[in-house]
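Peer 1: I have a structure I would like to understand better, so I am pasting it below and will then ask my questions one at a time.
Only the coordinates and a few stated rules stand behind these numbers; no lab work does. Computed from a prediction, not measured in an experiment: that's the story for all the values here. As a convention, Cβ positions derive from the backbone with ideal geometry for all residues, glycine included, and neighbour counts pool all protein chains shown.
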Amino acid sequence: MVQVTTRCKTGVLSLVILGLVGCVNGTGGYRPPVEDRTGTGGVTQSVEPAATGVVVRPAVTREARKEQSVAVPVPTLMTSRPQSPAVVALLDNAQKQKKSGAMQAAESSLERAQRIAPRDPEIYYQWADIRRLEGQWSQAEQLALKGTNMAIGDVIMLRRLWLLIADVRLSSGNQSGAQQAKSKAYSY
């Protein structure tokens, strides 16, 4: 019984190997396409002999690929990173409400935006600015500092947040802290 099992395994294994060899040396019928990367137009050709006439061409040439632009969401003027449409609408509402003096309504819009995008530094920027306008210096600075933690790698937002922190510190009478924050802002 053991010998039969071994013979069966050996027989199956040799059939698999012969089948693979057949594919490799052309008796299997399939040959994978090979891309010509010599830079002569990006034409992809088959390895099969020219008698079959099989030529595979890419849908887009390399030159056309370079010319195509990738669809990237356009950031708003307020931020350097793409945002969801809902967050953009809420931030716009908050900005309008802040300009009209409806600070509570603006904060409500920002709270809703924060629930949607809790790591968006623009939300913290606007919220800190509202607190600054209300004269709540400590809360304004804390919100702006939280925004700097969310804006890592975004130099535009980091600069805006540190300039806001400088304004907050200057308004609260901390001139040396304001100068430090301004220096930090211009380091980005």
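Peer 1: Got a sec to turn the phi values of region 157-162 into Karplus ³J(HN,Hα) couplings, 6.51 cos²θ - 1.76 cosθ + 1.60 with θ = phi - 60°, whole Hz, x for Gly and Pro?
Peer 2: Here the 3J(HN,Hα) series is 5, 4, 4, 4, 5, 5 Hz.
Peer 1: Additional query: Find out how many positive minus negative residues lie around Gln114, taking Lys and Arg as positive, Asp and Glu as negative, among other residues whose Cβ is under 13 Å from that of Gln114.
Peer 2: 0
Peer 1: Please work out how much length the chain gains when fully extended from Ala105 to Glu134, using 0.36 nm per residue of separation minus the C-alpha to C-alpha distance, in nm with one decimal. Display every interim value, and only then the final one.
Peer 2: Working: separation 29, 0.36 × 29 = 10.44 nm, distance 1.36 nm.
Net length gain for the segment: 9.1 nm.
Peer 1: How far is it, in nm, from the label point at Gln175 to the one at Arg115 when both lie 7 Å from their Cα along the line to the Cβ?
Peer 2: Distance between label points: 4.5 nm.
Peer 1: FRET efficiency for Asp92 and Ser187, Cβ-Cβ distance as r, R0 = 41 Å, nearest 0.05?
Peer 2: 0.85
Peer 1: Let a ≥ b ≥ c be the square roots of the eigenvalues of the Cα gyration tensor of region 85-185; is it rounded (a/c under 1.5), or, if not, prolate (a/b larger than b/c) or oblate?
Peer 2: Because a/c hits 1.5 or more and a/b fails to exceed b/c, region 85-185 counts as oblate.
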